[in-house]
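What follows is one structure encoded as structure tokens, with my remarks underneath.
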Amino acid sequence: MSESHDQAARHDPVYDRLAATPEFGELRSRYRKFVIPATIAFMAWYFLYVILAMFAPGFMNATVVGHINVALVVGLLQFVTTFLIAYLYSGYSNKKLDPLARQLDEEYVAGRRQGEGN
């Protein structure tokens, strides 16, 4: 790839214009409002599992029912939590992110058609 083509690929005036709009900032803000707390909560939950496994083996080995112990239940709940977060994010994205992202995408496509991106 030539240097001028590489530079052109990194510099898109349509994107630059849209990235400076309040709507783009709002989209990023809405995204962060979900992702950052969800990531912190999940990581805290995961590290709780690891810490319990390291420092509370007696608790983790406690039988819940039959041959199923607390460690297995908590480990399986990690998967449940992952799917729950994905489900919640999907709903949040559909309601709060996608409409604004579609609007910005339409503006981007219109700008590219008008030749701003050349």
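How much mean residue ellipticity at 222 nm does the chain get from its helices, if each DSSP H run of length 4 or more adds -39500 (n - 2.57) and you divide by all residues, to the nearest 500 deg cm²/dmol?
The per-residue figure over the chain is -25500 deg cm²/dmol.
With θ set to phi - 60°, apply the Karplus curve 6.51 cos²θ - 1.76 cosθ + 1.60 along segment 38-51 and write out the HN-Hα couplings as whole Hz, x wherever there is a Gly or Pro.
Residue by residue, segment 38-51 yields 5, 5, 4, 4, 5, 5, 4, 4, 5, 5, 4, 4, 5, 5 Hz.
With the contact rule set at Cα under 8 Å and sequence spacing of 6 or more, what percent relative contact order holds for the chain?
40 percent
Taking the Cα centre of the chain as the origin, how large is its charge dipole in debye, to the nearest 20, when only Lys and Arg (+1) and Asp and Glu (-1) carry charge on their Cβ atoms?
In total the dipole reaches around 440 debye.
Quick check: convex hull of the Cα atoms in segment 3-118, volume per residue, rounded to a whole Å³?
That works out to 158 Å³ per residue.
Roughly what would the spin-label model give for residue 47 and residue 62, points 7 Å off Cα along C-beta, in nm?
Rounded to a tenth, the inter-label distance reads 2.4 nm.
Name all residues of segment 79-118 having a backbone nitrogen under 16 Å from the label point set 7 Å from the Cα of residue 33 along its Cα→Cβ direction, giving them as ranges.
Residues 89-101 qualify, since their backbone N sits under 16 Å from the label point.
So how do 11, 67 line up by other beta-carbon neighbours within 10 Å, fewest first?
Neighbour counts put them in this order, fewest first: 67, 11.
Near the amide H of residue 69, under 5 Å away, which other amide H atoms are found, from residues 5 or more places off or on another chain, if H is placed in the peptide plane?
It is 64, by chain and number.
Since every read-out is calculated from the coordinates, none of them should be taken as a lab result. Keep in mind that this is a model prediction, so the values were computed, not measured. Heads up, the Cβs are rebuilt from the backbone with ideal geometry, glycines too, and the neighbour counts pull from every protein chain shown.
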